[in-house]
1. Mind listing just one residue for me: the one in the stretch 43-63 that is closer than 10 Å to ILE5 by Cβ and more than 38 Å from the chain's Cα centre (by Cα) and, of those, most open to solvent (accessible area, probe 1.4 Å)?
2. Of everything in the stretch 446-479, what is closer than 18 Å to ALA384 by Cα and out of contact with any Pro (no Cβ under 8 Å at 6 or more places or on another chain)? Give them in sequence order.
3. Which of the residues belonging to the stretch 255-306 are among the small types (Gly, Ala, Ser) and within 16 Å of ALA341 (Cα to Cα)?
4. Given the condition touching a helix residue (DSSP H, G or I) at 6+ places or on another chain (Cβ under 7 Å), touching a residue at least 60 places away in the same chain (Cβ under 8 Å) and outside the structural domain of VAL404 (by the TED database), answer yes or no: does some residue in the stretch 84-99 qualify?
5. Consider LEU236 carefully, then state whether it is touching a Lys or Arg at 6+ places or on another chain (Cβ under 8 Å), among the hydrophobic types (A, V, I, L, M, F, W, C) and without any contact (Cβ under 8 Å) to a residue 40 or more places away in the chain.
6. Residues that are modelled with pLDDT of 95 or more and farther than 15 Å from TRP516 by Cα: find the strands (runs of 3 or more DSSP E) completely inside the stretch 1-56 holding 1 or more of those.
7. Just to verify a result, which residue in the stretch 89-121, among those that are among the small types (Gly, Ala, Ser) and open to solvent by 40 Å² or more (accessible area, probe 1.4 Å), is farthest from the chain's Cα centre (by Cα)?
8. Out of all the residues in the stretch 359-410, which are part of a helix (DSSP H, G or I) and open to solvent by 30 Å² or more (accessible area, probe 1.4 Å)?
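The values are calculated or read from the model by the stated rules, or taken from the named source; none is laboratory data. Remember, it's a predicted structure, so these values are computed and weren't measured experimentally. Counting neighbours? That spans all protein chains shown, and the Cβs are built from the backbone with ideal geometry, glycine included. Heads up: the accessible areas ignore ligands, DNA and RNA and are worked out on the full protein's heavy atoms, side chains in. Shrake-Rupley method; radii C 1.70, N 1.55, O 1.52, S 1.80 Å.
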Amino acid sequence: MTTTIFTNARIFTGSGNTFQNTMMILGHQILYVGPEDDPAILCAKSSGAREIDLDNHIIVPGFIDSHVHILDFALSQRRLNLLSCKSRLSIRETIKAYAQEYPELERVVCKGWVQSSTGGLALASMLDDLDKRPIYIQANDLHSIWCNTAALHELGAENMSDPPGGTIHRDENGKPSGLLSESAHLSVALPFLTSVVSIEEKLTALEDAAKAYTAAGYTGMIDMAMNEEDWEVLKLFRQRYAGELPFHIAAHWLVPYSGDMDVVFGYVDRAIALHREFHPSMSPTFCVVGIKLIADGVVDGCTAALSQPYTNTADPVATIWPTPALQAVTQKATAAGLQCAVHAIGDAAVKQAIDTLSLSSQVQPNGPPRHRIEHLELTSPEDAKRLGQLGITASVQPVHSDPVLFRAWPSLIGQHRCGRAFAYKEFLEGGARVAFGSDAPTAAHLALPNLYNATTRKSAIEPESEETVNEHFGLELAKAVEAATTGAAYSRFAEGWTGGLKKGLNADFAVLNMDWRAEGLLKARVTQTWYRGTEKNIDCHTRNLRQIVSRSRL
């Protein structure tokens with residue numbers, strides 16, 4: 001094995017804003033981080049170590065996407081993106097042009113619909129004249145899907161009842177009107193759209209996704225809604241790499257809500273079995289670490305569980321899981337050594353999740369389980385403090401706080417409540433561990449714009465905008481980078497071998513060409529990504545936020 005020394009660098013070690021200038025690696029491990037004149041460096045140089053001059057570029061630990069849906073992301077890159085469409089007319093024109101350009105497609109699948117762009121309306125009749133083929137339009141938050149009549153027929157929606165935790169919206173005659181929300185999308189439409197794609201197409205899409213993640217500086221990820229079909233595809237993908245993927249991946253097994261607890265516990269038992277088979281102690285780079293539960297929806301769809309009603313409703317939206325059922329599931333999983341991740345966006349769902357996880361943690365036989373709450377978009381001051389007190393990881397996605405995506409909030413929940421949104425700084429000040437993710441494909445996967453959102457609270461989608469979202473909750477750049485690296489590693493018990501730059505850890509890191517300023521993050525570029533001591537190929541598709549979308553051929 002060759003010893004490699006990186007010199008003339010600014011190496012971020014996680015200690016505030018201080019940097020070292022030299023790092024030495026051997027094989028897949030870091031041997032040294034510190035000043036260049038250390039005797040160990042001088043000795044290695046005299047022995048013929050390879051030297052790489054980084055021209056004053058910055059080295060950070062490899063980014064770890066702590067919340068991603070990797071196969072959905074891979075497939076979404078081949079769907080028509082409507083994020084830039086600001087009106088129903090724009091959506092219609094974009095879809096019509098696309099459908100005409102690709103007559104060979106069996107169906108037209110779109111993503112990135114922002115519900116406020118159509119005034120909250122999503123009727124099949126608005127799409128039926130565009131094309132005879134099924135048209136599916138996924139909401140940007142992935143919690144609902146807008147269908148034309150052909151798509152509703154293809155799904156068999158007219159013969160379905162509402163699934164637990166979801167709604168098939170209907171007209172006054174009881175016929176599906178075009179919108180499927182929450183589990184009607186997540187458990188019905190989304191699995192169907194995945195099922196019609198061949199295995200080979202999925203593997204090819206994953207190959208492209210892996211390249212995109214490598215180009216963005218990632219060396220790891222946590223998939224936050226794994227199921228049988230996706231897991232089988234990932235295992236096949238891993239085989240193509242002879243068991244060595246270009247990043248480490250940990251999975252949380254999705255446990256959908258059902259009123260039948262035998263069905264629910266069947267999912268938990270499957271997660272327990274896979275956790276034993278793909279245990280992080282035996283297979284740390286490809287493992288099942290926990291379960292995922294969805295406690296509520298999203299603010300934009302008025303399905304997030306809030307303590308007070310939305311402005312257009314009389315009663316608050318309830319959480320998806322009854323508290324006794326949520327407690328039973330999390331306690332069973334915790335007792336088996338699994339981590340629990342709970343999707344909770346609204347303040348009522350957050351409170352329920354914290355209460356539940358605090359009780360479940362008491363049955364963990366081997367110490368704190370490092371349970372986590374995903375999103376935490378609207379929290380009370382009291383609950384923001386409880387996260388740290390109870391050892392619950394705040395798993396958040398700063399890209400969701402982009403001002404462009406926040407514009408509908410004041411009209412939906414009232415301006416007075418918007419001041420509590422995305423309170424990341426409070427989480428840290430309360431002692432909570434914070435882990436950053438992207439939630440791709442609900443948002444761009446790129447780490448640097450995500451950091452820009454977290455620090456400046458400005459828009460990475462529309463950089464020219466001066467809008468901000470609760471600047472007082474923004475993080476210092478060093479804290480944000482730690483959340484995207486060390487914090488994400490900690491969230492899955494991996495800080496002992498990755499997530500930082502110090503002796504003994506894996507040589508997982510990214511090289512950045514940037515000024516160490518939050519305001520410069522949108523101009524920053526990843527120039528190298530190293531995983532387990534090997535530089536991974538970064539091709540020319542290190543793209544900016546507006547260029548991520550490719551056209552659908554699925």
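1. Step by step, filter the stretch 43-63, then rank; the result is LYS45.
2. ASN470, GLU471, HIS472, PHE473, GLY474, LEU475, LYS479
3. ALA271, GLY290, ALA295, GLY297
4. no
5. Taking the combined requirement at face value, the residue does not satisfy it.
6. Those strands (runs of 3 or more DSSP E) span 3-7, 22-26, 29-34, 50-53.
7. ALA97
8. LEU359, SER361, GLN362, VAL363, PRO381, GLU382, LYS385, ARG386, GLN389, LEU390, HIS400, PRO410
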